[in-house]
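Student: I'd like to ask some things about the structure below.
The values are calculated or read from the model by the stated rules, or taken from the named source; none is laboratory data. Model, not experiment: these values are computed from the prediction. Here the Cβ positions follow ideal geometry from the backbone for every residue, glycine too, while neighbour counts run over all protein chains shown.
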């Protein structure tokens, strides 16, 4: 029974956790250029790779001059996120000459390690995309070191005892994503709320999942943006999905309706959801209100809202923090290819993006605040950048 419950929680969280964020919650992380620049690492500089463009979309090599690489995506349990990443790599495999098989423990850590060893033992695997529970990372590292196989972490960084990142990783700055998404609404409020709005009548609704630090950090960021914009305003309301035990639109609807209906003194609402599912539920509730024009909703994630916009939606859900599938899949694939080629090592891959003190780089996925008018341009641009179009 415990294994079943654990698996269900993994399935709920995996779609939402398109990453674990960077460790610094207070400093915005500006997007780095795709072509390498000087390193900002204040520690001992790593030995530079032979090819300084290795691991980037600007890498100018003949991908088909070598045999096809066979990679494996090792994930904790099946989920929509896994399907999304596999579909993205299938497309990119035709561009960069690789394929990807799957390995999972179906929510069981021991099975995860055993199946990983089976794949490594086959002798025809060239590298791994790794998404594993931090509790087994040392066993995973030892196993892959034994077989001399390179890997890139997906979403969940690996740290040593000092807190330094020790493996190349694709991730998201969770705190900053929440901060930026709400800040965009604050900066653009007059577009939707003409005239003078009394700050005392404005409230913030956070749709949170408190037991997941990465998801919770998104709401912390949103709260900080609100406090900075409206000093002294204490109209901050946190609705925790953990109390309902699930991540879906129904929970988002129920949490939102409970808070908004109970606080009629609030005339204008900013609403921020840590996951798209909650935002979609909140949007459905807001559609039932005659005051929907006084509500501005945002979230981290763009898949569901893009579908809504494609269907003609034009409600309170005005914007979102978007991360294209290829913003993860592209750099991860190019990085793993560079490692498999021997043109980079974990210590030399993407050095200019490395945070001070880290031993390997956490690549913060390229992202953008998008609206109904801009989302297609952003998503198409990322697709083209990595050859997906």
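Quick grid of which residues meet (1) touching a helix residue (DSSP H, G or I) at 6+ places or on another chain (Cβ under 6 Å); (2) more than 27 Å from residue 187 (Cβ to Cβ); (3) at pLDDT below 95:
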residue	(1), (2), (3)
352	no, yes, yes
357	no, yes, no
360	no, yes, no
366	yes, no, yes
371	no, no, no
387	yes, yes, yes
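Student: Would segment 269-288 turn up any residue that is over 30 Å from residue 385 (Cα atoms) and part of a loop (DSSP other than H, G, I, E, B)?
Tutor: Scanning segment 269-288 turns up at least one residue that is over 30 Å from residue 385 (Cα atoms) and part of a loop (DSSP other than H, G, I, E, B).
Student: Right, next: Would you check which residues across segment 110-120 are loosely packed, with under 14 Cβ neighbours inside 10 Å and either in contact with a helix residue (DSSP H, G or I) (Cβ under 9 Å, 6 or more places away or on another chain) or at pLDDT below 95 (or both) and list them?
Tutor: 110
Student: Same structure again: Identify the single condition in (1) outside any loop (DSSP other than H, G, I, E, B); (2) farther than 22 Å from residue 175 by Cα; (3) in contact (Cβ under 8 Å) with a residue 60 or more places away in the chain; (4) not assigned by TED's automatic domain parsing to the domain that holds residue 196 that residue 309 does not satisfy, given that it satisfies every other one.
Tutor: (4)
Student: Now a separate question. With respect to the numbered conditions (1) more than 30 Å from residue 175 (Cβ to Cβ); (2) at pLDDT below 95; (3) crowded, with 16+ Cβ neighbours inside 10 Å, which one is the sole condition not fulfilled by residue 50?
Tutor: With (1) more than 30 Å from residue 175 (Cβ to Cβ); (2) at pLDDT below 95; (3) crowded, with 16+ Cβ neighbours inside 10 Å applied to residue 50, the lone miss is (3).
Student: On the given criteria, is residue 145 farther than 16 Å from residue 269 by Cβ and more than 14 Å from the chain's Cα centre (by Cα)?
Tutor: The answer is yes for residue 145.
Student: A follow-up question, please. Looking at (1) on the phi > 0 side of the Ramachandran plot; (2) touching a helix residue (DSSP H, G or I) at 6+ places or on another chain (Cβ under 6 Å); (3) surrounded by fewer than 16 Cβ atoms within 10 Å (Cβ to Cβ), which is the only condition residue 107 fails?
Tutor: Exception for residue 107: condition (3).
Student: What are the residues in segment 126-147 that are surrounded by 14 or more Cβ atoms within 10 Å (Cβ to Cβ), modelled with pLDDT of 95 or more and out of contact with any helix residue (DSSP H, G or I) (no Cβ under 9 Å at 6 or more places or on another chain), if any?
Tutor: 141
Student: Tell me, which residue of segment 178-214 that is touching a residue at least 60 places away in the same chain (Cβ under 8 Å), touching a helix residue (DSSP H, G or I) at 6+ places or on another chain (Cβ under 6 Å) and in a helix (DSSP H, G or I) is farthest from residue 250 (Cα to Cα)?
Tutor: 186
Student: Then there is this: Please specify each residue of segment 191-208 satisfying the condition of being out of contact with any strand residue (DSSP E or B) (no Cβ under 7 Å at 6 or more places or on another chain) and either surrounded by 24 or more Cβ atoms within 10 Å (Cβ to Cβ) or closer than 17 Å to residue 297 by Cβ (or both).
Tutor: 191, the sole residue that qualifies.
Student: All but one of (1) buried (at least 16 other Cβ atoms within 10 Å of the Cβ); (2) assigned to a helix (DSSP H, G or I) hold for residue 237; state the number of the condition that does not hold.
Tutor: It is condition (2) that residue 237 fails.
Student: Does residue 100 satisfy the criteria of being in contact with a helix residue (DSSP H, G or I) (Cβ under 7 Å, 6 or more places away or on another chain) and farther than 18 Å from residue 329 by Cα?
Tutor: In short, no.
Student: Could we say that residue 191 is more than 26 Å from the chain's Cα centre (by Cα) and modelled with pLDDT of 95 or more here?
Tutor: When the stated conditions are applied, residue 191 passes them.
Student: Residues being assigned to a loop (DSSP other than H, G, I, E, B) and over 20 Å from the mean Cα position of the chain (by Cα): count how many of those fall in segment 64-114.
Tutor: Looking only at segment 64-114, we keep the residues that are assigned to a loop (DSSP other than H, G, I, E, B), and these are 64-68, 76-79, 97, 105-108.
Next, only the ones that are over 20 Å from the mean Cα position of the chain (by Cα) stay: 64-68, 97, 105-108.
Number of matching residues: 10.
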